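Asker: This is the structure I want to talk about, given as structure tokens.
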Amino acid sequence: MTQQTLVLIKPDGLKKSLTGNILTRLSETKLDIVAAKIIKVSRELAERHYILLKDKPFFNELLKYLMGEYHKKKVMALVYWGEDAINRVRAICGSTNPEEADPVSIRGAYGRITTKGIYENAMHASTNEQEAEREIKLWFNPDEIIAELYPTKTVKEQVERRVWA
Ligand code: UDP
Ligand code: MG
């Protein structure tokens, strides 16, 4: 089944200069990258991304982690597309807890548990098709993705936007 999945290289991954390593590992999947960008994550985006965890005791620390308060204020977001994309990316990504993750997985190799108890696990990968759709639509506009993944519509709006001077 052809699928799409959201990958985030989290602020610890960027701070530790792991972008190249992580993308090289993910290229083993032979999946296509159909979108990519670097983002400064707002609290609102972090909250919406991790909305399912809002009742967890570590939620606020998790938001700070994703916003880059402990590393660099940036995240790299990508969409991978192809056969069985969700499970193939999750397999290389590894389990949530970096101490339990396969040592040769990305999280097993590069993750750590902080003294505050947060799993700094270098990357995010969507867990199922429903989450992938919600997350991809949250992080990307249709025009930032070079594949037609979900239905779109055209709206006419008059908004001010910044252009090159
Ligand atoms: N997390 C954590 N402690 C936990 C569970 C999760 O710090 O006990 C963090 C970790 O960074 C994880 C993120 O919250 O990647 C999202 O948790 P989820 O259960 O969705 O795991 P994932 O889908 O990322 O494997
Ligand atoms: Mg998850």
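Asker: Does the range 31-59 hold any residues that are part of a loop (DSSP other than H, G, I, E, B) and either touching a Leu at 6+ places or on another chain (Cβ under 6 Å) or within 16 Å of ligand 2 (Cβ to nearest atom) (or both), and which are they? Give the steps one after another, and end with the answer.
Answerer: So the first thing to find is which residues in the range 31-59 are part of a loop (DSSP other than H, G, I, E, B), and the list is 31, 40-42, 50, 54-58.
The answer is Val41, Tyr50, Lys54, Asp55, Lys56, Phe58.
Asker: Also, I was wondering about something else. I'm trying to understand the selection: among the residues of the range 60-73, which are within 13 Å of ligand 1 (Cβ to nearest atom), open to solvent by 60 Å² or more (accessible area, probe 1.4 Å) and assigned to a loop (DSSP other than H, G, I, E, B)?
Answerer: Of everything in the range 60-73, just one residue is within 13 Å of ligand 1 (Cβ to nearest atom), open to solvent by 60 Å² or more (accessible area, probe 1.4 Å) and assigned to a loop (DSSP other than H, G, I, E, B), namely Tyr70.
Asker: Right, next: Among the residues of the range 108-158, count how many are open to solvent by less than 40 Å² (accessible area, probe 1.4 Å), among the polar types (S, T, N, Q) and more than 16 Å from ligand 2 (Cβ to nearest atom).
Answerer: Qualifying residue count, the range 108-158: 1.
Asker: Looking at the range 23-59 only, could you name the residues that are polar (S, T, N, Q) and open to solvent by less than 80 Å² (accessible area, probe 1.4 Å)? Explain how you work it out, then say what you get.
Answerer: First, the residues of the range 23-59 that are polar (S, T, N, Q): 24, 27, 29, 42.
Answer for the range 23-59, where residues must be polar (S, T, N, Q) and open to solvent by less than 80 Å² (accessible area, probe 1.4 Å): Ser27, Thr29, Ser42.
The values are calculated or read from the model by the stated rules, or taken from the named source; none is laboratory data. All values reported here derive from a predicted model rather than from experimental measurement. All Cβ positions, even for glycine, are placed from backbone atoms using ideal geometry, and neighbour counts span all protein chains on display. The protein model used for the area step is the full one, side chains on, heavy atoms only, and it has no ligands, DNA or RNA in it. Shrake-Rupley method; radii C 1.70, N 1.55, O 1.52, S 1.80 Å.
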